[in-house]
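Only one structure is covered here, and it is reproduced in the block below.
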Amino acid sequence: MKNQESGKLNYSNPEEKEARRIEEIKSLSYLEWLERLMAILETSFLLKSGSKMKNNNSAGS
């Protein structure tokens with residue numbers, strides 16, 4: 001995150017964190033929003049296909 005120092009956890013109020021996150025998302029340009037969406041989709045695909053590969057490799061052993 002931009003405003004957080006690395007290595008530190010944020011224990012603030014969940015409602016405040018959610019409000020900051022919503023404001024951050026609203027301030028994104030269309031391209032930034034699309035890049036984040038694609039990153040989420042790629043990660044989801046990798047996790048899904050990775051678990052299938054793990055299961056297939058376990059079955060063959």
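Checked against the criteria, E24 does not count as at pLDDT 95 or above and more than 13 Å from the chain's Cα centre (by Cα).
Got at least one residue in the stretch 54-61 being among the charged types (D, E, K, R), assigned to a helix (DSSP H, G or I), open to solvent by 100 Å² or more (accessible area, probe 1.4 Å) and modelled with pLDDT of 90 or more? Within the stretch 54-61, none of the residues are among the charged types (D, E, K, R), assigned to a helix (DSSP H, G or I), open to solvent by 100 Å² or more (accessible area, probe 1.4 Å) and modelled with pLDDT of 90 or more.
The values are calculated or read from the model by the stated rules, or taken from the named source; none is laboratory data. Computed from a predicted model, the values in this text were never measured in an experiment. Side chains are part of the model used for accessible areas, which takes the heavy atoms of the whole protein and leaves out ligands, DNA and RNA. Shrake-Rupley method; radii C 1.70, N 1.55, O 1.52, S 1.80 Å.
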